[in-house]
């Protein structure tokens, strides 16, 4: 009898601990003067968004002051603001930033240091109104640690869809070029040659936690070697990469500037082309046939041209020459693709440009010929689709993540109003107010 009493007492105490440790729900009622809940649809005036913890539970007409059984509700007054879904940057490199002496830092910075600086850059991106990013290549352990810590709520930052190491052929754009052989030693696990080895490289990234795969279909502007911007992986290697990634449920992004590499990547079945600088009408046909997205990264192009022209000595000659060649054509490529009906997803290549100025891409896209409405679609609905996150983000509706931003002007009339949002919320947590 005494034993039964002690067991009951222990159970009661345990239950009490559980009850006392249970956290009360957080309820927020947001009054939106103008609400663009879905960038494909017209904005509405005088709307209320109800948030419970990290999710939207209702979007209603008018300004509610209470909701069902919600208790201890906080009301957020955005009646003078344009409110919309948090934006999505589909092409970032959050653990680094281009700067002088980057070659030296690439061999002295540890994974731990990359992860720590990534927390700073991630917060800058979040404060700029980007509540989700896709990180397409970087120091693998650092990026995955950053992603996981944000996911667990240990640090505040944008949701991260993380690629592992960028896949590259030996000596290609994703390899470390121009160093003595003993500086880097054995190539990293993303370097591969031949179709079978490329399958191995894909599986290696996924084994250690990659959400998606990114590879270099062509040379790149910032490669510190004069290899141009033409195709680097063979058609067979690219097909092996895409097939292996898709077989394991991962989407594939292909860095591609030159037409030959763009077309080869599209024939291989990639989900997105990053940059697409020298695409043409033939490329357009392949885009539309496969349904791949173009992620234009105009800000990266503008950044490298500015540096090449105005900061002599910042780039080595081979890089400066490519910057002057590639940067100016990127806006024309975007306009051709846009007018031809290619799907566009917003992406900046942040890390080439400074983190936190991601919104400048919005302005450049409008300047290139896109309507403000379509630019906002690219940065919300379309990017969510590309990242396979449509069920969670991209629009503001019941059941979706409370990723909400607001600005004092109307971006449909002046896109630059989003360069510095007045309010940013990510997963129900206010980052900027």
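The values are calculated or read from the model by the stated rules, or taken from the named source; none is laboratory data. Remember, predicted model here, so these are calculated numbers, not experimental data. Cβ placement follows ideal geometry from the backbone for every residue including glycine, while neighbour counts extend to all protein chains displayed.
Points to keep in mind about this one:
- Within segment 116-132, the set of residues being touching a strand residue (DSSP E or B) at 6+ places or on another chain (Cβ under 7 Å) and either surrounded by fewer than 22 Cβ atoms within 10 Å (Cβ to Cβ) or closer than 22 Å to residue 217 by Cβ (or both) comprises just one member, 127.
- Output for segment 305-325, where each listed residue is closer than 15 Å to residue 353 by Cα and part of a loop (DSSP other than H, G, I, E, B): 311, 314, 315
- When residue 373 is tested against the conditions (1) over 12 Å from residue 87 (Cβ atoms); (2) touching a helix residue (DSSP H, G or I) at 6+ places or on another chain (Cβ under 9 Å), the lone failure is (2).
- Test: residue in segment 345-368 that is in a loop (DSSP other than H, G, I, E, B) and more than 27 Å from residue 127 (Cα to Cα): no
- Exactly one residue among 314, 233 is at pLDDT below 95, in contact with a helix residue (DSSP H, G or I) (Cβ under 6 Å, 6 or more places away or on another chain) and over 19 Å from residue 382 (Cβ atoms), and that residue is 314.
- Among (1) over 22 Å from the mean Cα position of the chain (by Cα); (2) at pLDDT 95 or above; (3) under 20 Å from residue 166 (Cα atoms); (4) in a loop (DSSP other than H, G, I, E, B) - the single one residue 270 does not satisfy: (1)
- Residues that are surrounded by fewer than 17 Cβ atoms within 10 Å (Cβ to Cβ), in contact (Cβ under 8 Å) with a residue 24 or more places away in the chain and touching a helix residue (DSSP H, G or I) at 6+ places or on another chain (Cβ under 9 Å) within segment 376-409 comprise 408, 409, listed in sequence order.
- Single match in 363, 426 (criterion: within 25 Å of residue 34 (Cα to Cα), assigned by TED's automatic domain parsing to the domain that holds residue 279 and either crowded, with 21+ Cβ neighbours inside 10 Å or at pLDDT 95 or above (or both)): 363
- Segment 195-217, subset out of contact with any strand residue (DSSP E or B) (no Cβ under 6 Å at 6 or more places or on another chain) and in a loop (DSSP other than H, G, I, E, B), residue surrounded by the fewest Cβ atoms within 10 Å (Cβ to Cβ): 208
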